[in-house]
Structure formats: structure tokens, C-alpha cells
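Engineer: Sharing a structure, written as C-alpha cells. Questions coming.
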Amino acid sequence: MSDEKFPGWHGTTILAVRRGGKVVVAGDGQVSVGQTVMKGTARKVRRLKPGGHDVVVGFAGSTADAFTLLERLEKKLEAAPGQLARACVDLAKDWRMDKYLRNLEAMLIVTDGRDIFVVTGAGDVLEPEHDVAAIGSGGNFALAAARGLMESDLDAEAVARKAMAIAADICVYTNGNLTVEVLG
């Protein structure tokens with residue numbers, strides 16, 4: 001989030017891991033203002049079922065902004081059922097070009113159990129390398145830990161849980177109160 005509008009606000013680490021035919025999205029529950037934890041049980045990983053297709057979305061940033069984007073994504077998926085890439089690209093285009101949406105401050109990780117995309121307000125729709133993606137305050141810590149754990153024999157959920165635990169040990173804006181969704 002912009003430090004000009006919300007000085008000191010931090011929150012949420014979201015991680016997606018694809019392995020063994022499964023995709024796991026995990027998010028912690030911490031929202032902090034400066035050195036104060038405002039909430040430790042925020043739920044920023046959601047399962048959607050547009051057109052009967054399961055999609056899991058994790059978001060970091062402003063919750064209200066993220067919910068606006070989730071509603072838009074759901075409409076895009078209903079218009080193009082089963083076409084996650086198309087829906088994400090259409091959302092990114094709208095987000096980048098629309099006067100109102102352009103001011104929304106959030107990032108999304110979106111998966112249908114097959115593909116994983118990071119969607120940003122800069123118009124990016126990124127497919128992660130190495131079957132791991134992360135966003136949010138502790139995203140880089142979780143990403144590094146998960147990439148290292150991909151060398152192990154752990155399944156997708158175990159990699160995600162251990163990587164998030166490592167991120168929570170390192171990042172003061174990440175806690176161990178996880179919401180985990182599995183597809184596949």
C-alpha cells in the first residue's frame with residue numbers, strides 16, 4: 001500500500017505452490033500498523049466458484065480494493081468459464097486503464113489448480129517460474145523458503161506451510177495463523 005495514504009500499514013503474506021498435481025495457496029492473518037498488530041486473523045485467501053469452476057485467490061493490500069477486484073475477476077470468469085488466463089488479462093487491462101480501478105492498491109495470486117498468475121495494478125499478469133509465487137509484506141521471505149523446499153520430497157501443502165512458517169519467523173509483518181486452500 002502507498003505509504004502516503006496509509007503510513008505504516010503492513011499486512012499479509014500470500015504464497016502459491018504447485019507440485020504433484022496440486023496447487024496450494026496459503027496466506028497469513030496479520031495486519032499491522034507500525035509496530036502494532038491490529039489483527040492476527042485476517043483471511044485473505046478465498047475460494048470462488050464462477051461458472052462451477054473452482055478458483056482460489058489470495059490477495060495482499062487493501063481489503064476493500066481486493067474485494068472490488070475479486071468481484072470483477074468473478075464476472076470475467078463467468079463470461080469466459082474455465083479461461084483463467086483470459087480473465088486475468090482482461091482484469092489487468094481494466095485495472096490499468098479504468099480511472100477508478102487504477103487507484104486500487106492490492107495484488108492478487110490467482111489459480112485454477114492448473115495455472116498460477118500474479119495480477120497487479122501495473123497491468124502485469126505473471127506466470128511464476130519454479131511453480132512458486134508470493135506477494136505481500138513477507139512475500140520475498142516465503143518465496144525464497146518455498147524455492148529452497150522445492151528441492152525436498154515434501155508435497156505442495158507441506159512446502160507452503162513450512163515456507164510460511166519460515167517467513168513468519170523472519171518477517172515481523174507475517175504470523176503463523178494460516179488460511180490454506182488446495183486445488184487438484
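The values are calculated or read from the model by the stated rules, or taken from the named source; none is laboratory data. All figures in this text were calculated on a predicted structure; none of them were measured in a lab. Every residue, glycine as well, gets a Cβ built from its backbone with ideal geometry; the counts of neighbours run over all protein chains shown. Only protein heavy atoms, including side chains, enter the accessible area calculation; ligands, DNA and RNA are left aside. Shrake-Rupley method; radii C 1.70, N 1.55, O 1.52, S 1.80 Å.
Engineer: So what are the radius of gyration and Dmax for the Cα set of the chain, in Å?
Structural biologist: 15.4, 47
Engineer: For Leu143, tell me the accessible area in Å² from a 1.4 Å probe, rounded to the nearest 10.
Structural biologist: 50
Engineer: Rolling a 1.4 Å sphere over the protein heavy atoms, what is the accessible area per residue of segment 9-175, to the nearest Å²? Spell out each step's value before the answer.
Structural biologist: Values: 7750 Å² over 167 residues.
Value returned for segment 9-175: 46 Å² of accessible area per residue.
Engineer: Cα to Cα, under 20 Å, and not fewer than 8 places away if on the same chain: which lysines meet these conditions relative to Lys75?
Structural biologist: In chain and number order, the partners are Lys44, Lys49, Lys93, Lys99.
Engineer: Under Stokes-Einstein, with the Kirkwood radius over Cα pairs standing in for Rh, what whole-number D in µm²/s applies to segment 14-101 at 4 °C and 1.567 mPa s?
Structural biologist: Approximately 90 µm²/s, per Stokes-Einstein.
Engineer: Tell me, what ³J(HN,Hα) does each residue in segment 24-34 have, in order and in whole Hz, if you take phi through Karplus 6.51 cos²θ - 1.76 cosθ + 1.60 with θ = phi - 60° and put x for Gly and Pro?
Structural biologist: 10, 10, 10, x, 7, x, 8, 10, 10, 10, x
Engineer: Ok, one more. At a 1.4 Å probe radius, carbon and sulfur cover how many percent of the accessible area of segment 50-136? Intermediate results must be reported in sequence, preceding the final value.
Structural biologist: Working: 1870 of 3980 Å².
About 47 percent, which is the carbon plus sulfur part of the accessible surface.
Engineer: Calculate for the chain the 222 nm mean residue ellipticity that helices alone would give, adding -39,500 (n - 2.57) per DSSP H run of length 4 or more and normalising by residue count, nearest 500 deg cm²/dmol.
Structural biologist: Details: 4 runs with 57 residues, N = 184.
Calculated mean residue ellipticity at 222 nm is -10000 deg cm²/dmol.
Engineer: Another one. Once you charge only the Cβ atoms, +1 for Lys and Arg and -1 for Asp and Glu, what is the size of the charge dipole of the chain about its Cα centre, to the nearest 20 debye? Present the calculation step by step, with values, prior to reporting the outcome.
Structural biologist: Working: 22 positive and 24 negative charges, 72 e Å.
Computed about the Cα centre, the dipole is about 340 debye.
Engineer: Another question, if that's okay. Which loop chymotrypsin sites (Phe, Trp or Tyr not before Pro) in segment 40-116, with loop taken from DSSP, have no more than 13 other Cβ atoms within 10 angstrom of their Cβ?
Structural biologist: Working: sites: Phe59, Phe67, Trp95, Tyr100; in loops: Tyr100.
For chymotrypsin sites (Phe, Trp or Tyr not before Pro) across segment 40-116 that sit outside H, G, I, E and B with at most 13 neighbouring Cβ atoms in 10 Å, the list reads Tyr100.
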